[in-house]
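Beneath this line is the structure, given in structure tokens, with notes to follow.
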Amino acid sequence: MAALDAILNDIDTDLENALERLFAFLRIPSISTDPAYAGQCREAAAWLAGDLTALGFATSVEETSLHPVVLAHKPKPGAPHVLFYGHYDVQPVDPLDLWTTPPFEPHVASEEGRKKIVGRGSSDDKGQVMTFVEACRAHIAMSGELPCGVTILVEGAEESGSQGLPEWVAANREKLDCDVVLVCDTTMWDRATPAITSSLRGLAYFEVKVTCADRDLHSGFFGGAARNPIHVLAKIIADLHDADGRVTIPGFYEGVRERPAEVLEQWRGLGLTPEKLLGPIGLKEPAGERGRLPIELVQSRPSCDANGIVGGYTGEGTKTVIASTASAKISFRLVDDQDPQALARNFEAFVRERIPADCSVEFITYKGSRAISLPFDMPQLGAAKAALAEEWGVPAVTVGAGGSIPIVGDFKRILGRDTLLIGFGLDDDRIHSPNEKYDLTSFHKGTRSWARILTALSQG
Ligand code: BES
Ligand code: MN
Ligand code: MN
């Protein structure tokens with residue numbers, strides 16, 4: 001096995017080529033939620049499979065009920081075996097006019113002396129996936145082999161709630177046999193401080209459509225007499241929170257635990273003030289539950305957001321209309337033991353109670369996921385932390401995250417395996433937003449970090 005120094009040096013000297021490979025991946029608009037891009041999702045899977053095959057992995061592209069997964073194996077008898085998971089699908093790009101360069105024309109730009117890779121998927125998650133692939137490439141280039149056995153599973157529907165993946169994982173358990181799962185789809189604590197993510201929030205997602213009259217109406221003929229579905233829906237959304245910012249759906253807080261005083265004290269010590277959290281996005285006053293630390297609001301407390309609302313006339317100029325229908329997308333971030341199915345029942349009852357006699361309501365309930373938290377006594381944690389500290393020169397912090405990665409809970413339930421969540425994204429990466437970027441240091445030092453982690457894990 002080549003010395004780690006030679007492998008790290010190879011990563012440094014090969015950086016330009018690694019960027020070209022990442023750009024090829026980023027140019028493919030693999031937007032999973034929009035059926036119009038199904039072909040591009042397939043193309044992204046094929047691109048990655050080609051790259052992994054060239055590295056000597058036994059690779060296949062396998063069908064699921066939505067987009068295909070890429071599965072690649074490189075066993076190493078006698079060594080620990082890791083399963084790496086990531087996603088090749090990306091979020092839609094709209095609003096397109098807010099991008100300063102086209103989303104699928106990746107390039108390196110400089111901002112305040114920092115170099116950044118700009119493009120949809122650069123941080124979430126193609127850039128992060130490639131940190132692991134490039135680390136494997138360097139190991140193989142320098143020593144002809146990997147220090148551990150490696151299986152790579154990269155899916156194409158994470159941004160659509162990993163639709164179809166749990167069923168595929170359950171049907172292919174034996175191909176996913178491993179000691180530990182590694183995921184690169186989270187953030188660092190800040191630009192200088194690596195992080196191991198210890199918890200993820202769960203998600204429940206609904207669409208609600210309210211119908212009143214059987215057609216759009218002239219508001220001069222009917223205004224004042226006919227029920228307006230936009231008002232009905234707006235009232236329901238307004239009712240979801242009380243004056244203290246708590247969610248009012250009966251049973252909503254069941255399964256939510258309070259953090260012990262010591263933990264809250266430690267969080268207070270991290271100094272994440274409202275100004276620090278909200279300043280960079282042009283806000284300063286925390287909304288949501290009163291009396292909670294900002295870090296609690298985005299990590300250990302559940303939340304509820306309307307993600308979109310439509311109804312009536314929204315074009316240029318005016319139209320005096322009372323719409324027949326109004327609809328909204330409403331989602332909840334879940335923590336601890338909150339049950340997405342119980343919430344679905346309670347939410348539906350909450351909405352139905354508020355639908356006037358003359359009106360009707362339709363629901364779409366998307367597949368939810370529970371929150372997960374990782375055990376603090378995972379045997380691999382020490383090795384990963386030591387490797388990260390070596391690379392970054394400071395200890396890695398262990399913190400929760402507010403986002404969701406639905407399949408992580410299934411890895412535990414179906415495979416019985418815990419996950420190490422180690423990502424190199426930053427809070428200002430604008431994931432899901434226009435002008436998504438990934439710092440060049442995230443990509444470069446992220447790759448070096450995985451090279452070190454693989455070696456550290458192989459040493460037990
Ligand atoms: N990578 C993110 C989740 C994430 C980001 C976790 C930063 C921790 C820190 C992931 O791709 C994502 O966006 N997940 C969705 C899941 C949903 C579409 C089912 C989310 O959290 O909204
Ligand atoms: Mn992601
Ligand atoms: Mn995402």
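The values are calculated or read from the model by the stated rules, or taken from the named source; none is laboratory data. Because the structure is predicted, anything quoted here is derived from the model rather than measured. Backbone-built Cβ (ideal geometry, glycine too); neighbour counts: all protein chains shown.
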Checklist entry - Only one of Pro379, Pro375, Pro395, Pro434 is in a loop (DSSP other than H, G, I, E, B) and farther than 16 Å from Ile196 by Cβ; which? => result Pro434
Checklist entry - Within the set of pairs 6 or more residues apart or between chains, which connect a residue that is within 18 Å of Asp336 (Cβ to Cβ) and free of Cβ contacts under 8 Å to residues at least 60 places away in the same chain inside the stretch 258-279 to a residue that is of a type in the set (Ser, Thr, Tyr) and surrounded by 12 or more Cβ atoms within 10 Å (Cβ to Cβ) with Cβ atoms less than 8 Å apart? => result Arg259/Ser300
Next on the checklist: Residues to consider are Leu98, Leu52, Leu66; find the one that is under 20 Å from Ala36 (Cβ atoms) and modelled with pLDDT of 95 or more.
Outcome noted: Leu66
Item to check | Check on Arg452, touching a residue at least 24 places away in the same chain (Cβ under 8 Å), among the charged types (D, E, K, R), under 30 Å from Thr101 (Cα atoms) and not in a loop (DSSP other than H, G, I, E, B) | outcome: no
Item to check | Hits in the stretch 164-190 - residues which are over 17 Å from the mean Cα position of the chain (by Cα) and within 15 Å of ligand 1 (Cβ to nearest atom) | outcome: Asp190
Next on the checklist: Taking the conditions exactly as written (farther than 17 Å from Lys74 by Cβ, in the same structural domain as Ala49 (by TED's automatic domain parsing) and more than 16 Å from ligand 3 (Cβ to nearest atom)), does Thr151 satisfy them or not?
Outcome noted: no
Next on the checklist: So for the stretch 406-419 (the condition being within 13 Å of ligand 2 (Cβ to nearest atom), buried (at least 18 other Cβ atoms within 10 Å of the Cβ), assigned to a helix (DSSP H, G or I) and in contact (Cβ under 8 Å) with a residue 24 or more places away in the chain), does at least one residue qualify?
Outcome noted: yes
Checklist entry - For the subset of the stretch 30-60 comprising residues that are crowded, with 17+ Cβ neighbours inside 10 Å and aliphatic (A, V, I, L, M), which member is farthest from ligand 1 (Cβ to nearest atom)? => result Leu55
Checklist entry - Just a yes or no: is a residue in the stretch 61-84 within 24 Å of Leu426 (Cβ to Cβ) and in the same structural domain as Gly409 (by TED's automatic domain parsing)? => result yes
Next on the checklist: I'm trying to understand the selection: among the residues of the stretch 351-368, which are modelled with pLDDT of 95 or more and of a type in the set (Lys, Arg)?
Outcome noted: Arg352, Arg354
Next on the checklist: Checking the structure you have, find out if any residue of the stretch 112-130 is away from ligand 1 (no atom under 16 Å from the Cβ), touching a residue at least 24 places away in the same chain (Cβ under 8 Å) and of a type in the set (Asp, Glu).
Outcome noted: no
